[in-house]
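Peer 1: Next up is a structure, given as structure tokens.
The values are calculated or read from the model by the stated rules, or taken from the named source; none is laboratory data. What you are looking at is a predicted structure, and each value in this text was computed from that prediction instead of being measured. Here Cβ is always computed from backbone atoms with ideal geometry, including for glycine, and neighbour counts include all displayed protein chains. Areas reflect the complete protein model, heavy atoms only, side chains present, ligands, DNA and RNA absent. Shrake-Rupley method; radii C 1.70, N 1.55, O 1.52, S 1.80 Å.
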Amino acid sequence: MKVLFPVVLLCSGLVFSQKTVPADYQKIPEILDNPELLYPFIVPDKKYDYWSVLRNNPDPDKAVIYESQAPDFMTLNDPTPEKGFFQKCLGEDCFSYLLACEKGKTKYFSTEQQLRDFIGTVDNLPEAILIANTYGYTVDTGNALSSSYKMDDKNIFLYLTKLTNNTENKESFFIKINRKTGKHEVKSNGTF
């Protein structure tokens, strides 16, 4: 009996202390857990003649991740930058970069900050997730604490995850992204 009471107390504490997502949050659609599928939803702040997201692959057909409608007369022969955003490794097929044409001039966006600048005002949920991805946060559709969102006129609120030091533990984060500025605030919800 002496052992039973502390065990019941400990178990009830574990059950009632588990973090949950507020009821007014929605589940992030599974298709939005892949950054490569988010690019078509970007609405750049500036008007570009053409823009595309590419990976560093020497095969032009395999390099294109997404491209806006290009004018018929445009030919691009610019070299691939040495580094890009979402850097996974060294060598081929290891990072992405954005190429935009404005008034006949080519401009590269090859860092996470430059991608955030290209997005500018956060117009939709995929843009908010992409911005969070540039800080290392990801959607894990297997848990509500890492795949939920709510939007209002000023902010987009996300529950996303980030791998901790070892890849076995994930940490849940509450992220608030200002729609006008793209700035974010983050609060940890602990590991799971």
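Peer 1: Determine which single condition Ile42 fails, assuming it passes every other condition in (1) among the hydrophobic types (A, V, I, L, M, F, W, C); (2) crowded, with 16+ Cβ neighbours inside 10 Å; (3) farther than 24 Å from Leu125 by Cα.
Peer 2: Of (1) among the hydrophobic types (A, V, I, L, M, F, W, C); (2) crowded, with 16+ Cβ neighbours inside 10 Å; (3) farther than 24 Å from Leu125 by Cα, only one is false for Ile42: (3).
Peer 1: Can you name the residue in region 163-192 that is open to solvent by 60 Å² or more (accessible area, probe 1.4 Å) and basic (Lys, Arg) and is also modelled with the lowest pLDDT among such residues?
Peer 2: Once the filter is applied, the top-ranked residue is Lys170.
Peer 1: Now for a separate question. Just checking, which of Asn143, Asn155 is touching a residue at least 12 places away in the same chain (Cβ under 8 Å), open to solvent by 40 Å² or more (accessible area, probe 1.4 Å) and at negative phi?
Peer 2: Criteria check complete, one pass: Asn143.
Peer 1: I would also like to ask the following. Report, by residue number, each residue of region 129-140 that is outside any loop (DSSP other than H, G, I, E, B), in contact with a strand residue (DSSP E or B) (Cβ under 8 Å, 6 or more places away or on another chain) and open to solvent by less than 40 Å² (accessible area, probe 1.4 Å).
Peer 2: Across region 129-140, the qualifying residues are Ile129, Ile131, Ala132, Thr134.
Peer 1: Starting from region 27-41, take each residue that is β-branched (Val, Ile, Thr) and list its partners that are open to solvent by less than 10 Å² (accessible area, probe 1.4 Å), counting only C-beta distances under 8 angstrom and pairs at least six apart or across chains.
Peer 2: That search, which allows pairs on different chains as well, returns Ile28/Ile129; Ile28/Ser147; Ile28/Ser148; Ile28/Leu158.
Peer 1: Also: Mind counting the residues in region 62-72 that are surrounded by 10 or more Cβ atoms within 10 Å (Cβ to Cβ) and modelled with pLDDT of 75 or more?
Peer 2: Counting residues in region 62-72 that are surrounded by 10 or more Cβ atoms within 10 Å (Cβ to Cβ) and modelled with pLDDT of 75 or more gives 7.
Peer 1: Quick check on this structure: which one of Thr75, Thr80 is among the hydroxyl-bearing types (Ser, Thr, Tyr), modelled with pLDDT under 90 and surrounded by 14 or more Cβ atoms within 10 Å (Cβ to Cβ)?
Peer 2: After ruling out the rest, the residue left standing is Thr80.
Peer 1: OK, next. Filter region 108-128 down to residues that are farther than 30 Å from Pro79 by Cβ and of a type outside the set (Asp, Glu) and give me whichever is surrounded by the fewest Cβ atoms within 10 Å (Cβ to Cβ).
Peer 2: Our first condition is that a residue be farther than 30 Å from Pro79 by Cβ; within region 108-128, this holds for 121-125, 128.
If we keep only those that are of a type outside the set (Asp, Glu) too, we end up with 121-122, 124-125, 128.
Values: Thr121: 13, Val122: 25, Asn124: 15, Leu125: 18, Ala128: 30.
So the residue we want is Thr121.
Peer 1: Taking Lys103 as meeting all but one of (1) at positive phi; (2) at pLDDT 90 or above; (3) of a type outside the set (A, V, I, L, M), write down the number of the exception.
Peer 2: Only one criterion is unmet by Lys103, namely (2).
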